[in-house]
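The values are calculated or read from the model by the stated rules, or taken from the named source; none is laboratory data. These figures come from a predicted structure and were not determined experimentally. So basically every Cβ, Gly included, is an ideal-geometry build from the backbone, and we count neighbours across all protein chains shown.
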Amino acid sequence: MSETTLFNAGIKALQAGRAVEARWEFRASLDAGEDSVKVWLGFALACVMQGDLAAAETGIDEVLSREGKNLRALIVKGDLLAGRNDEQNAAAHYTLALRVAATLPSVPPAIAKDLSRIQEHIQQLNQLFQQHLLEQLASVGYQRASAPSRFNEALDLMMGVKAREEESERYPQMPHVFYMPQIPYRTFYPNEHLPWMESLEDATDVIQQELQRLLAQNAKRFTPYVHSGVDRTLSDDGDLLDSESWTSAYLWQDGEPDTDVMACCPETVKLMESLPLTKIKGLAPSVLFSKLNAGATIAPHTGMLNARLICHLPLIVPPECGLRVGHDERKVRRGEGWAFDDSINHEAWNRSDQERIILLFDVWRPELDEEERQLITNLLESVRNYRSAT
């Protein structure tokens, strides 16, 4: 029997509600060499009908690994996640499904019914999310009437009760966790407004000595770069995520200290503790030595929030290393520090035949006063607590 005949038999059995038979036909089609998206999707749907959710998820993951925007697969994956109370990831798949559907001229009636169902589900989740945020903020003294207006607007944007206005910049601020309105657009931040930058640059030799000690005594602390923060999106994070070509050794990661790395770098730790680091539990700061191998590039991407600046102090820098932020591009030079807005599309490269290592950390933007910093901290910690609970 041909693969096509097996597939067609599986579809007929599925439509007739004969789950066991449908699953057998699709499995036989796969075993016969028809390793395609449509067969895996049919297999997954048959497994759902049969009640074998683990096998169904295996099939759906095969579909999404090949067609990340397959509408039916996104809905089924969301249902499977919701079924085991993973509401955060379920909502992410549902939301992507709705976005995909919005680009289509039409959808089949059965899928339209599912889209209506998941839209209602997301609205219910959003109401719970909004209620949680407002209760948590109120518990630490937040009052809308007296709070800074741009924070109130940021809160409305995060809760989805207000839409962000169209941007005119070619590379706008596009943080994927938190957007603070009315923040000046600056790719590289002027060093003259960062009074601590000069003392950081002056400490280049000391910091590099501690880096060399770390490399000599504890090189295994350099592991593939992953930064989760509050949230992870379904979008591609670039070829270097989890790659040995881009590795990091953290002094702090998402706000948590690494005492082993710190022990090798006491002067670096002391200097970092004197800076206005972005201290948000479970999210920031991250202070790390970032190593980019010879010939490697970091694909264009954006960071989590525009309320902070990412800072680099280059330590081991071969020729042909650079960074682009928005429309501005700079060469990397040892001991010349800079701060930039990583919510703006940016990329980095090492076109040499040697590795490049920098010290990287995040600080609050100078435009934010202490009240705004505390409100943002309270808000993002509340978001993290909510998502951890769900």
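Would you say Leu200 is touching a Gly at 6+ places or on another chain (Cβ under 6 Å), at negative phi, in a helix (DSSP H, G or I) and assigned by TED's automatic domain parsing to the domain that holds Val261?
Details: touching a Gly at 6+ places or on another chain (Cβ under 6 Å): yes; at negative phi: yes; in a helix (DSSP H, G or I): yes; assigned by TED's automatic domain parsing to the domain that holds Val261: yes.
Answer is yes for this residue.
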Of (1) of a type outside the set (A, V, I, L, M); (2) over 25 Å from Ser388 (Cβ atoms); (3) surrounded by fewer than 16 Cβ atoms within 10 Å (Cβ to Cβ), Asp61 satisfies every one except (2)
Please tell me if Ser274 is closer than 27 Å to Thr377 by Cα, of a type in the set (Ser, Thr, Tyr), at pLDDT 95 or above and surrounded by fewer than 20 Cβ atoms within 10 Å (Cβ to Cβ). yes
Please return the ranges of strands (runs of 3 or more DSSP E) entirely within segment 246-319 where 2 or more residues are more than 20 Å from Glu210 (Cα to Cα). 297-301, 308-316
Scanning segment 1-48 residue by residue, those assigned to a helix (DSSP H, G or I), without any contact (Cβ under 8 Å) to a residue 24 or more places away in the chain and among the basic types (Lys, Arg) turn out to be Lys12, Arg27
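Look at Ser36 and say whether it is within 21 Å of Arg66 (Cβ to Cβ) and either touching a Phe, Trp or Tyr at 6+ places or on another chain (Cβ under 6 Å) or modelled with pLDDT of 95 or more (or both). If you could, list the steps in order and put the result at the bottom.
On the way: within 21 Å of Arg66 (Cβ to Cβ): yes; either touching a Phe, Trp or Tyr at 6+ places or on another chain (Cβ under 6 Å) or modelled with pLDDT of 95 or more (or both): no.
So Ser36 fails the test.
Go through Val107, Val76 for me and flag whichever is at pLDDT 95 or above and either surrounded by 13 or more Cβ atoms within 10 Å (Cβ to Cβ) or assigned to a helix (DSSP H, G or I) (or both). If you could, list the steps in order and put the result at the bottom.
Numbers: Val107 fails: at pLDDT 95 or above.
None of the others qualify; the one that does is Val76.
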Matching option when the condition is touching a strand residue (DSSP E or B) at 6+ places or on another chain (Cβ under 6 Å) and at pLDDT 95 or above, among Thr268, Thr204, Thr187: Thr187
